Structures are given as structure tokens and as C-alpha cells.
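Chemist: Take a look at this one; I'll ask things after.
The values are calculated or read from the model by the stated rules, or taken from the named source; none is laboratory data. Being a predicted model, the structure only gives us computed values, none of them experimental. Cβ placement follows ideal geometry from the backbone for every residue including glycine, while neighbour counts extend to all protein chains displayed.
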Amino acid sequence: MKPRSLHGDLGLQDLRTLRSTSGIPAYQLIEQWLSGLIAERKLVVGDRLAPEGGLADALGVSRMTLRQALAALEAKGVVERRRGRTGGTFIAQPKIDLDLTGLAGFTEQMRRAHVRAGARLISAETVAASGSVALALDLARGSLVHEVIRVRSANREPLALERSYFPVATFPDLLDQSLAGSLYSLMGRVYDRFPHTCTESLEPVVATDGEASLLGVEVGSPLMLIERTAYAEDGLPVESAVDLYRADRTRIRLRAEIRPRTHAKDLDK
């Protein structure tokens, strides 16, 4: 795609005026200006900005100042800088926020992000629980569990690789059910075992050959591993899962709250 024009439709004159009157650092104004153009859809996903030299000259700033603004936008996932003859600075596909504060499944997370969730079943079989799965589900090692492996997509783009385990004793005929939609909804609707609480751990990893192929990324691409054990309302473990999310397309959010005032002293420890 050709670089986007630097004429008045992008508000360069307004930006120059603001720079001379606001007292705000130039790199912050450039960051705000580009973010505003994206919000107004004057710049859209895939657009390539003009080369740094020409853009810096048009803005009346040094390349260092421009690069500071672009680095801040890149850190937020707003732009993507590519190297090579066909490289440059491009408007990036917005990342999808995953809020781990509650216990929303993938389908619900995508609904909140206003994108269409999909699921491609890779395999579904009954296997003997490994040591780690048995420990998570409070089972004897070797107990039977259902293993369900799916690639989850957002607007048909692969986003996550899910590997989930469910105790056969709790979900005896799970594999006879449709596994194309929300498994959490299925667990609640058919078995009255909707996940109520969970423990999760996050760890950055890189994609192996098989994972890269399923997720449509290059081998060694960054992924976010989320390991989870989910519990029904009565405390029974109902799922042990390992999810791999594409780091280039998702962003993890958590919400923290201060404890009740009676425990405020604990914050000083």
C-alpha cells in the first residue's frame, strides 16, 4: 500500500499550531495526532505512513522526536514497523483485550470485543490423565479425562490454541456433544457444572512448529501461555486447560482492587 498523503486532510496545519501553543512535548502531540487520525478512520489498518524523513520534515520535528512517538505507538500495538525494502510504519490491526479478572470463556471475551468467535476442532478423545492434569483435577494419576484441542478464531483469524481436560466421571458423554461453541455454556447447560472460580497463571513462550502451523504464525513467534484450573460452585475441579494466545493479536487485562479497610495494614508488608 502506498504511503498515506500528508496533505491538509490529515490536519498537519492544526498540529503545527498546537505545537506552538500547547507546551506539550512534540512526541506526545504526534502520538495523539496519529491516534486521532486512526479513531476518525482517516488512517486505517494496513495504511503505510510516509517515510520517516519526509514525515519528520512535514511535521517540523527531528527524526529522533518522530521515532519517539512511533515507538510509543508501537508499544501500544497501534502501529507496526517492518524492515526491508517493502517495510515502513504501518497502521496495525488492533489487539483484542482479554480480561482475566472474571471467568469469561473465549466466546464471551470475543463478544465483548465485538468480533465473531469461531472454533476448529483439532482432536477430541478420552485419555489417561497425566500427573499435572490429575493433580489439577484432584484425580488419581491415570484416571480417564476427555482431552479437547481446538483452535479458536476471531473473525476467522486464528487467535488461540486451547488444550482442555475434563474429568470423565463428571462429564461422561462430553465427546458426544457438539464441541463447536462455548464449552463453558455446554458444561452448565447439560451437566449443571458451570465454572464458577478458577486459578490461572501466565507465562510468555514462543511457538513451536506445530503451534505455529495451527495459529498461522512463524516458528518462534511470541505467545502467551495461560494455564487454568476451573472449579464449579461447590469447589469441584471441572477443567484443567492450557491456552496459547497470539501475542501480536491479544492483550491481557487484569483489574485489581484494594482490600477492605480492616486489612489495609497488609498493604504495607
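Chemist: Can you tell me which of (1) farther than 19 Å from Ile122 by Cβ; (2) loosely packed, with under 12 Cβ neighbours inside 10 Å is the one Gly210 doesn't meet?
Modeler: Only one criterion in (1) farther than 19 Å from Ile122 by Cβ; (2) loosely packed, with under 12 Cβ neighbours inside 10 Å is unmet by Gly210, namely (1).
Chemist: Identify all residues within segment 68-124 that are closer than 20 Å to Gly46 by Cβ, of a type in the set (Ser, Thr, Tyr) and either touching a Lys or Arg at 6+ places or on another chain (Cβ under 6 Å) or modelled with pLDDT of 80 or more (or both); write none if there are none.
Modeler: Within segment 68-124, Thr89 is the sole residue that qualifies.
Chemist: Continuing with the same structure: Do any strands (runs of 3 or more DSSP E) entirely within segment 114-218 hold 2 or more residues that are in contact with a Phe, Trp or Tyr (Cβ under 7 Å, 6 or more places away or on another chain) and in the same structural domain as Asp243 (by TED's automatic domain parsing), and if so, which?
Modeler: In segment 114-218, 144-154, 157-167, 197-206 are the strands (runs of 3 or more DSSP E) which contain 2 or more residues that are in contact with a Phe, Trp or Tyr (Cβ under 7 Å, 6 or more places away or on another chain) and in the same structural domain as Asp243 (by TED's automatic domain parsing).
Chemist: What is the residue count in segment 69-85 for residues that are farther than 22 Å from Ala247 by Cβ and surrounded by 18 or more Cβ atoms within 10 Å (Cβ to Cβ)?
Modeler: Summing the residues that are farther than 22 Å from Ala247 by Cβ and surrounded by 18 or more Cβ atoms within 10 Å (Cβ to Cβ) in segment 69-85 gives 1.
Chemist: Of all residues in segment 53-95, which are part of a loop (DSSP other than H, G, I, E, B) and of a type in the set (A, V, I, L, M)?
Modeler: Val61, Val78, Ala92
Chemist: Listed residues Arg259, Arg255, Arg251; which is modelled with pLDDT under 90 and either of a type in the set (A, V, I, L, M, F, W, C) or assigned to a strand (DSSP E or B) (or both)?
Modeler: Arg251
Chemist: Can you work out which of the residues in segment 219-248 that are touching an Asp or Glu at 6+ places or on another chain (Cβ under 9 Å) and in a loop (DSSP other than H, G, I, E, B) is nearest to Met110 (Cα to Cα)?
Modeler: Here the answer is Asp248.
Chemist: On the basis of being surrounded by 13 or more Cβ atoms within 10 Å (Cβ to Cβ), outside any helix (DSSP H, G or I) and modelled with pLDDT under 85, does Leu15 make the cut?
Modeler: Taking the combined requirement at face value, the residue does not satisfy it.
Chemist: Still on this structure, please answer the following. Anything in segment 107-130 that is surrounded by 14 or more Cβ atoms within 10 Å (Cβ to Cβ) and under 14 Å from the mean Cα position of the chain (by Cα)? List them, or say none.
Modeler: Within segment 107-130, Thr107, Glu108, Gln109, Met110, Arg111, Ala113, Val115, Ala117 qualify.
Chemist: Limited to segment 64-85, what total is found for residues that are touching a residue at least 24 places away in the same chain (Cβ under 8 Å), hydrophobic (A, V, I, L, M, F, W, C) and over 17 Å from Gly54 (Cβ atoms)?
Modeler: Result for segment 64-85: 3.
Chemist: Then there is this: Sort through Arg63, Arg67, Arg82 and tell me the only one that's in contact with a strand residue (DSSP E or B) (Cβ under 9 Å, 6 or more places away or on another chain) and among the charged types (D, E, K, R).
Modeler: It is Arg82.
Let's see how each residue does on (1) at positive phi; (2) aliphatic (A, V, I, L, M):
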{"residue": "Ala169", "(1), (2)": "no, yes"}
{"residue": "Leu175", "(1), (2)": "no, yes"}
{"residue": "Leu186", "(1), (2)": "no, yes"}
{"residue": "Pro204", "(1), (2)": "no, no"}
{"residue": "Ala207", "(1), (2)": "no, yes"}
{"residue": "Gly216", "(1), (2)": "yes, no"}
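Chemist: Could you grab the pairs with beta carbons closer than 7 Å, sequence gap of 6+ or different chains, first residue in segment 36-52 and part of a loop (DSSP other than H, G, I, E, B), second one among the basic types (Lys, Arg) and surrounded by fewer than 17 Cβ atoms within 10 Å (Cβ to Cβ)?
Modeler: Nothing qualifies.
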